[in-house]
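The values are calculated or read from the model by the stated rules, or taken from the named source; none is laboratory data. Note that the coordinates shown come from a computational prediction; the quantities given were computed from them, not determined experimentally. Note that we place each Cβ from the backbone using ideal geometry, even for glycine, and neighbour counts take in every protein chain shown. Keep in mind that these areas ignore ligands, DNA and RNA; they rest on the heavy atoms of the full protein, side chains included. Shrake-Rupley method; radii C 1.70, N 1.55, O 1.52, S 1.80 Å.
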Protein chains: 2
Amino acid sequence: MKARVHVSLKSGVLDPQGAAVAHALGTLGFEGVRSVRQGKVLDLDLDETDPEAARAQVDAMCRQLLANTVVETWRVEILG
Amino acid sequence: MKARVHVSLKSGVLDPQGAAVAHALGTLGFEGVRSVRQGKVLDLDLDETDPEAARAQVDAMCRQLLANTVVETWRVEILG
């Protein structure tokens with residue numbers, strides 16, 4: 001079963017990486033970039049075949065490893 | 001106008017970061033993780049108001065800065 005996790009910074013948390021990208025786009029001549037925020041995506045291939053069990057397993061992975069629960073939120077998508 | 005860019009490694013390109021995550025999940029006791037591949041997501045807030053112009057602009061940004069065209073592919077999503 002394939003699952004996708006979207007991890008992003010909570011709103012209000014400073015994103016220096018995104019700010020650096022926004023600045024770099026400006027120096028390259030791209031105008032009108034108000035802000036950039038960067039997150040990550042993890043595509044997991046699991047042995048688990050039950051969608052709900054897979055979702056619970058991936059959620060536990062996020063809490064323990066994939067996301068920093070203090071400053072990040074995540075969303076689990078089961079792709080089947 | 002808000003745009004989202006999904007950048008991921010081309011299939012076949014080795015993903016050491018994803019492999020490290022898969023290994024770490026194993027050591028934490030998560031069994032049945034066949035593979036993990038990691039990508040990034042960029043959320044851009046643009047002054048541009050025309051969806052097609054925004055898409056073209058973001059595509060140019062990907063080619064010049066946001067993606068490594070040799071090993072990565074990207075997908076642009078216009079969120080409106």
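In this structure chain A gives 54 Å² per residue of accessible area when probed at 1.4 Å with all protein chains present.
Position B:E31: other-copy label points at 6.1 nm, ordered by increasing distance, label point 7 Å along Cα→C-beta. A plus B alone minus the pair: what accessible area, both sides summed, probe 1.4 Å, in Å² to 100? Counting protein atoms only, the buried area is about 2700 Å².
Each other copy holds its own label point for A:Q64; taking that point as 7 Å from Cα along Cα to Cβ, the gaps run 4.5 nm, nearest first. For the modelled label position 7 Å from the Cα of A:A20 along Cα-to-Cβ, which residues of the range B:57-75 have backbone nitrogen atoms closer than 14 Å? Within reach of a label on A:A20: B:66. Averaged over the residues of peptide A:20-32, the number of Cβ atoms from other protein chains lying within 10 Å of each residue's Cβ is 4.
Across all directions, the shadow cast by the convex hull of chain B built on its C-alpha atoms averages 6.3 square nanometres. For the range A:25-33, 3J(HN,Hα) computed residue by residue from phi via the Karplus equation (6.51, -1.76, 1.60; θ = phi - 60°) reads 5, x, 5, 7, x, 7, 9, x, 8 Hz, glycine and proline entered as x.
Heavy-atom surface analysis with a 1.4 Å probe gives chain B a carbon and sulfur content of 52 percent of its accessible area.
B:D47 label point (Cα plus 7 Å toward Cβ) to equivalent points in the other copies: 5.5 nm, shortest first. Rounded to the nearest 20 debye, the dipole magnitude of the range A:2-78 is 400 debye, with +1 charges on Lys and Arg beta carbons, -1 on Asp and Glu beta carbons, and the Cα centre as origin. Looking at the range A:1-35, the trypsin sites (Lys or Arg not before Pro) that sit in a DSSP loop and have at most 13 other Cβ atoms within 10 Å of their own Cβ are A:K10.
Working note: Cα gyration tensor of the range B:1-42, eigenvalues times five, square-rooted, sorted largest first, giving semi-axes of 25, 13, 7 Å.
Our helix-only sum for chain B, with -39,500 (n - 2.57) per DSSP H run of n ≥ 4 divided by its residues, gives a mean residue ellipticity at 222 nm of -9000 deg cm²/dmol. Of the GluC sites (Glu not before Pro) in chain A, the ones in a loop by DSSP (not H, G, I, E or B) with at most 13 other beta carbons within 10 Å are A:E31. Extent of the protein assembly as shown along its three principal axes (Cα atoms, max minus min coordinate, largest first): 48, 35, 24 Å.
In straight-distance terms, cross-link reach from A:K2 covers every one of the lysines whose alpha-carbon lies under 20 Å from its own, apart from those fewer than eight places away in the same chain; here that gives A:K40, B:K10, B:K40.
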